[in-house]
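Notes for the one structure printed next.
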Amino acid sequence: MRVVKVDHLTKIYGHRFNRVAALNDLNFQVDAGEFVGIMGPSGAGKSTLLNMIATLDTPTLGDVWVAGQALSTLTDSEAAQYRREQLGFIFQTFNLLPDLTVADNITLPLTFVPPRPTDMAARLAHVAEVLGLSSLLTRYPDQLSLGQRQRVTAARAMITRPSLILADEPTGSLDSMAATELLQYLTKLNLAEDVTIMMVTHDAFTASFCNRIIFIRDGAYFAEVTRHGTRQEFFDRIIDMEATINGGGRRRATTPRD
Amino acid sequence: MRQLLATSLKRNATTNWLFVLVASAMLAVLYALLAITDDDRLMQAVGTVSATPDMVPAFLIVLLVLLLLFEIVFLLYLNGVMIMRRMDQIGVYRLLGMPTRRLAVLLVAESLLKGLATVGIGLGAGVLLSKFFVMMLMRWMALKTSTGLLWSTSAALELAGVYLLIFAVLGVLNALAIASTPLRRALNPTPARTPVRRDSGWQLLLTGFSLFLLGGAYVGAYNLISWTYTASVRGWSVPLLWGMILVAGLVGTYGLFRTALPTLAGVLIRLPQVRRRASALLTLTDLRKRVRHNSHSLFLTTLLATMTITVLGSGVIIYQFSQMGLHQAIALDGVTSARGRDIVRQQLGDGQIAQTVPLETKLAAGRLQGADGDGDRTLYNVISLSAYTRIRRVQPGLPALTLHGDQAVMAIYSRVLLQHTWLRRSTQWALTLPRTATHVMVTQITSQFPLGGTAYFDRALVVTDAVYRELKAPIDRLYGYKFRAPARLDKALAALDARDEVDQATYSDQALRGQRAVQTGAELKGSTMARSAIGLKGPLTRVTSATFGLELFIALLMGLTLMVATGAILLVKQLVAGLQEQASRRTLAQLGMPESLIRRVVIHQTLAVFALPLVFGALNAGLVIRLLSAVLDDPGWGAGGLLFVAVFALIYATFGFLTARLILRGMSPRA
């Protein structure tokens, strides 16, 4: 089942003589259960793309479809509902509320509007167990390590059972051990819970935990690499593609899937 | 430098304008006051009705100085809060290598520009305000003088000079603050505050202690009159009692904001019903943090709100007292004793008197006794129920009475105050008129005297006609008057009033014990009690209106200034706190919290913080006003008082909504 369809997506900032195309006719799709990485050099349009999918920004042309829903047609309140019900966020800077306990941070998206789920406690216990947070629920974010904080963010992202989790440089603030641990948890989420994840990253090691990497450059689709074989082999191919994309002239390695 | 100045002003436009507008409002009040005192014609007019010609200008100048001093302190405080908020911006300039001297010049120039804007706006508003103030003052002082907009060059120049100096000093202080702050601290001026977590045992203990102190202070303040009376009777230290209540109130209020309210919010946050509703959870969590982190400013604003409401409420109560007291003192146009009646008829002639209302009373010494001991001995003008009922027809404010057998009603001055002190010692008082061994039971106590209290030596006693008939005591006739055209008799009435005719009555121990009859006359030997032989409403109204009208005017101006200061402090502090929460609100929006819900949470958080000083200030002020009200015989609020309360609440709510609006500006997560 197709979860995300990015359809001729174009975003142009500025006007008349000072126009910059952050996204330029970008097309790709993500299927349910995939763990997709988005990579590209700085200024490639990764954050703009994420903002479009998160309905934090609106496209100039084209559209994004998530779970069969065209995002450009959503009103503000529908967009809020979409973010609440269909999306989960994992931010580089965690964006946890410092005055709420871990438990309250995780269940927060469920408490915004009625009807509040009756199985909130069970959901909390489940995500806490999956992400190894069961013993930390009564703590506050500043009493956790950075890796634990990012796991809380991940728990908050998955507690609403969204169609898609967006992760924006989730390991950017973590040391290598915490980053690896988090990525293992994300992989576990993806495999055991069948959660679809889209992750923006600069880092090839982080990307190697995905199933597929979409490379974009200058706002357009450049190439993609799909995982076959071991993670080390996948990692090597990502490095190769990064070299290609940064080196410039080489032709696109593969064509986008329909 | 010019470009830097423009950028800096633009970047902080909201807070700069806020500062300028608040300072302008205060300058406008000062200008209007100064322009009024500079207007000779106006001061001459108010001088004619005041106790002394210099009374009004003197009071207005004292008020002006007080307001100016308060405003300087307030501007210093507000400026301090605002410069701390800009520390990180200035830190970046310093990081990029801008010399401190250049920064100092920038800050002084910026402050002077704000000063210029304040002077311009403030003087303009002051000119407009001056007419309004004159109208208000004249109306409350019952004068018919009117005037246009007041322009006083000397007042404008004096205030412009003072304000530019104040702003120059603020600029220099800002420059000194920057120079003395290490760059590292300037770049990170608000280190992340430790989140408010679960409360420790100590905090729970302190919460209990704070609430105990505050509760004790409130109970003490509520019973202040009776406790003070008890303390004075038993020889305890009254200042110590008042000091303890005050200290308990202050410490308790501080503890309330520092510990008790955050702890109570923490208890609520743990309730499952709250945790299941993001709006309630976020409102309470933020409130807990804001109250604890802003406990000093909340304490300060609570004191300011207390002062504001006390000043405004007292102003209204005292004004009401003057109006009520006037009517209680002289019910018709005039009231006299028999001796006073001869003088009035001689001076005015019978043709000027539209109606004379005679009231026969008997003057007797009486002894009041409670259930558990002695009351007191004093003089009573005894009135029959039928005479009382007859007076009620021309004096509608008198309460209707029904008396049987030995029942009686006593009229006394300061009824409410006395009922809080020795009169409360007994629910039933027996009164004996020893000369004739007449015994009555006092079933009701009032402060309404037939024809007005001025005509009485001390108390009045209304008894049944049978008791009155049996009472053997000298007759003391009183007369109430309605004049044909009191306005045309102004001069004659003023001349009569100036005679200051006094009647005396014997007040010796023998007379009070009934061993000798009570005598009256113009000049008696020995211990005497006095009353005015002639009471005239016109002259009394003029002096009362002038004095209490001025009092109300002063109270209003002080109240308004304090109110603006309270609102501005809360606004700036909440704005800073609200802007620091912007990241959290963005996160909530990204997580899908509906924008309307986020707005509601912000509005609730902001209004709750505004409401706290208002609620506790109103509670504190209510106790002070209750005390004052008891001392002034409970004059009530009147329609004017309710209007004051409504205007106060409206201005305060405006500050609250303005703060919420500024915090919410540009909140939408979508581009």
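It is to be established whether one or more residues within segment B:269-281 are of a type outside the set (Val, Ile, Thr), closer than 18 Å to B:Leu204 by Cα, within 11 Å of another protein chain (Cβ to nearest Cβ) and buried (at least 21 other Cβ atoms within 10 Å of the Cβ).
Scanning segment B:269-281 turns up no residue that is of a type outside the set (Val, Ile, Thr), closer than 18 Å to B:Leu204 by Cα, within 11 Å of another protein chain (Cβ to nearest Cβ) and buried (at least 21 other Cβ atoms within 10 Å of the Cβ).
What number goes with the only condition from (1) assigned to a helix (DSSP H, G or I); (2) within 9 Å of chain B (Cβ to nearest Cβ); (3) open to solvent by 10 Å² or more (accessible area, probe 1.4 Å) that A:Glu129 does not pass?
(2)
Just one of (1) without any contact (Cβ under 8 Å) to a residue 24 or more places away in the chain; (2) surrounded by 15 or more Cβ atoms within 10 Å (Cβ to Cβ) trips up B:Val409, so point out which.
(1) is the only condition that B:Val409 fails.
Any residue in segment B:376-387 that is over 13 Å from B:Gly453 (Cα atoms) sitting within a Cβ distance under 6 Å of a residue that is among the acidic types (Asp, Glu) and not in a strand (DSSP E or B)? List the pairs, counting only those 6 or more apart or interchain.
B:Thr378/B:Asp458; B:Leu379/B:Asp458; B:Ser384/B:Asp465; B:Leu385/B:Asp465; B:Ser386/B:Asp465
For a quick check of your reading of the model, give me the residue pairs whose first member lies in segment B:83-95 and is under 12 Å from B:Thr181 (Cα atoms) and basic (Lys, Arg), whose second is modelled with pLDDT of 80 or more and open to solvent by 50 Å² or more (accessible area, probe 1.4 Å), with beta-carbon atoms closer than 9 Å and at least 6 apart or on different chains.
So the pair list comes out as B:Arg94/B:Thr100.
Check B:Gly656, B:Gly636, B:Gly640 and return the single one that is open to solvent by 30 Å² or more (accessible area, probe 1.4 Å), touching a residue at least 40 places away in the same chain (Cβ under 8 Å) and more than 14 Å from chain A (Cβ to nearest Cβ).
None of the others qualify; the one that does is B:Gly640.
Of the conditions (1) assigned to a helix (DSSP H, G or I); (2) surrounded by fewer than 21 Cβ atoms within 10 Å (Cβ to Cβ), B:Asp376 fails just one. Which one is it?
(1)
Of everything in segment B:312-349, what is buried (at least 22 other Cβ atoms within 10 Å of the Cβ), of a type in the set (Val, Ile, Thr) and under 17 Å from the mean Cα position of the chain (by Cα)? Give them in sequence order.
B:Val316, B:Ile317
Name every residue in segment B:517-540 that is open to solvent by 50 Å² or more (accessible area, probe 1.4 Å) and either over 16 Å from B:Glu501 (Cβ atoms) or assigned to a helix (DSSP H, G or I) (or both), in order of residue number.
Within segment B:517-540, B:Gln519, B:Lys525, B:Gly526, B:Ser527, B:Leu540 qualify.
Restricting attention to segment B:350-363, does a residue exist that is in a strand (DSSP E or B), surrounded by fewer than 19 Cβ atoms within 10 Å (Cβ to Cβ), among the hydroxyl-bearing types (Ser, Thr, Tyr) and touching a helix residue (DSSP H, G or I) at 6+ places or on another chain (Cβ under 9 Å)?
Checked segment B:350-363: at least one residue is in a strand (DSSP E or B), surrounded by fewer than 19 Cβ atoms within 10 Å (Cβ to Cβ), among the hydroxyl-bearing types (Ser, Thr, Tyr) and touching a helix residue (DSSP H, G or I) at 6+ places or on another chain (Cβ under 9 Å).
Does segment B:572-582 include one or more residues that are over 30 Å from A:Leu96 (Cβ atoms) and not in a strand (DSSP E or B)?
Checked segment B:572-582: no residue is over 30 Å from A:Leu96 (Cβ atoms) and not in a strand (DSSP E or B).
Tally time: how many residues in segment B:107-137 are within 19 Å of B:Asp40 (Cβ to Cβ) and either free of Cβ contacts under 8 Å to residues at least 40 places away in the same chain or basic (Lys, Arg) (or both)?
Qualifying residue count for the region: 2.
Could you tell me which of the residues B:Ala589, B:Ala583 is within 14 Å of chain A (Cβ to nearest Cβ), out of contact with any His (no Cβ under 9 Å at 6 or more places or on another chain) and without any contact (Cβ under 8 Å) to a residue 40 or more places away in the chain?
Unique residue meeting the criteria: B:Ala583.
Can you tell me which residue within segment B:592-621, out of those that are within 10 Å of another protein chain (Cβ to nearest Cβ) and open to solvent by 30 Å² or more (accessible area, probe 1.4 Å), is farthest from B:Val647 (Cα to Cα)?
The extreme case among them is B:Glu595.
B:Ala35: of a type in the set (A, V, I, L, M, F, W, C), part of a helix (DSSP H, G or I), open to solvent by less than 70 Å² (accessible area, probe 1.4 Å) and without any contact (Cβ under 8 Å) to a residue 40 or more places away in the chain, yes or no?
Spelling it out, it is not the case that B:Ala35 is of a type in the set (A, V, I, L, M, F, W, C), part of a helix (DSSP H, G or I), open to solvent by less than 70 Å² (accessible area, probe 1.4 Å) and without any contact (Cβ under 8 Å) to a residue 40 or more places away in the chain.
Conditions first: (1) at the interface with chain B (Cβ under 9 Å from one of its Cβ atoms); (2) surrounded by fewer than 18 Cβ atoms within 10 Å (Cβ to Cβ); (3) within 20 Å of A:Thr180 (Cα to Cα). A:Leu146 passes all but one, so which condition is the exception?
A:Leu146 satisfies all of (1) at the interface with chain B (Cβ under 9 Å from one of its Cβ atoms); (2) surrounded by fewer than 18 Cβ atoms within 10 Å (Cβ to Cβ); (3) within 20 Å of A:Thr180 (Cα to Cα) except (1).
For segment A:57-85, enumerate the residues that are more than 9 Å from chain B (Cβ to nearest Cβ), on the phi < 0 side of the Ramachandran plot and open to solvent by 40 Å² or more (accessible area, probe 1.4 Å).
Our first condition is that a residue be more than 9 Å from chain B (Cβ to nearest Cβ); within segment A:57-85, this holds for A:59-75, A:78.
Of the ones still in play, those that are also on the phi < 0 side of the Ramachandran plot are A:59-61, A:63-66, A:69-75, A:78.
The answer is A:Thr60, A:Leu61, A:Trp65, A:Gln69, A:Ser72, A:Thr73, A:Thr75, A:Glu78.
Filter segment B:418-437 for residues that are outside any strand (DSSP E or B) and of a type in the set (A, V, I, L, M); which is modelled with the highest pLDDT?
B:Ala437
Before we move on, is A:Ser42 in a helix (DSSP H, G or I) and either modelled with pLDDT under 95 or not small (Gly, Ala, Ser) (or both)?
No.
Looking only at residues that are hydrophobic (A, V, I, L, M, F, W, C) and under 22 Å from A:Ile165 (Cα atoms) in segment A:1-24, which one is surrounded by the fewest Cβ atoms within 10 Å (Cβ to Cβ)? Step through it out loud before you land on a result.
Start the filter on segment A:1-24 by keeping residues that are hydrophobic (A, V, I, L, M, F, W, C), which leaves A:1, A:3-4, A:6, A:9, A:12, A:17, A:20-23.
Checking the rest, the ones that are also under 22 Å from A:Ile165 (Cα atoms) come to A:1, A:3-4, A:6, A:9, A:23.
Numbers: A:Met1: 9, A:Val3: 21, A:Val4: 21, A:Val6: 24, A:Leu9: 28, A:Leu23: 28.
If we take residues in segment A:1-24 being hydrophobic (A, V, I, L, M, F, W, C) and under 22 Å from A:Ile165 (Cα atoms), then A:Met1 is surrounded by the fewest Cβ atoms within 10 Å (Cβ to Cβ).
Could you name every one of the strands (runs of 3 or more DSSP E) located completely within segment A:194-258 that has at least 1 residues being surrounded by fewer than 20 Cβ atoms within 10 Å (Cβ to Cβ) and at pLDDT 90 or above?
Because the criterion is at least 1 residues that are surrounded by fewer than 20 Cβ atoms within 10 Å (Cβ to Cβ) and at pLDDT 90 or above, the strands (runs of 3 or more DSSP E) in segment A:194-258 that meet it are A:212-217, A:220-226.
Answer with yes or no whether B:Val543 is surrounded by fewer than 19 Cβ atoms within 10 Å (Cβ to Cβ), among the β-branched types (Val, Ile, Thr), more than 21 Å from B:Ala649 (Cβ to Cβ) and touching a residue at least 60 places away in the same chain (Cβ under 8 Å).
yes
Give the number of residues within segment B:500-515 that are out of contact with any strand residue (DSSP E or B) (no Cβ under 7 Å at 6 or more places or on another chain), over 20 Å from B:Ala460 (Cα atoms) and not polar (S, T, N, Q).
1
Taking into account only those residues within segment B:247-268 that are surrounded by 22 or more Cβ atoms within 10 Å (Cβ to Cβ) and within 14 Å of chain A (Cβ to nearest Cβ), which is nearest to the chain's Cα centre (by Cα)?
Filtering first and then ranking leaves B:Pro262.
For the subset of segment A:91-120 comprising residues that are more than 9 Å from chain B (Cβ to nearest Cβ) and part of a helix (DSSP H, G or I), which member is surrounded by the fewest Cβ atoms within 10 Å (Cβ to Cβ)?
A:Asn105
Every residue in segment B:443-461 that is aliphatic (A, V, I, L, M) and open to solvent by 10 Å² or more (accessible area, probe 1.4 Å), please.
Of everything in segment B:443-461, just one residue is aliphatic (A, V, I, L, M) and open to solvent by 10 Å² or more (accessible area, probe 1.4 Å), namely B:Ile445.
Of all the residues that make up segment B:390-404, how many are open to solvent by 60 Å² or more (accessible area, probe 1.4 Å) and either outside any loop (DSSP other than H, G, I, E, B) or among the acidic types (Asp, Glu) (or both)?
Final tally of qualifying residues: 3.
The values are calculated or read from the model by the stated rules, or taken from the named source; none is laboratory data. The model shown is predicted, which means the values in this text are computed figures rather than measured ones. Cβ atoms come from the backbone with ideal geometry, glycine included; neighbour counts cover every protein chain shown. Only protein heavy atoms, including side chains, enter the accessible area calculation; ligands, DNA and RNA are left aside. Shrake-Rupley method; radii C 1.70, N 1.55, O 1.52, S 1.80 Å.
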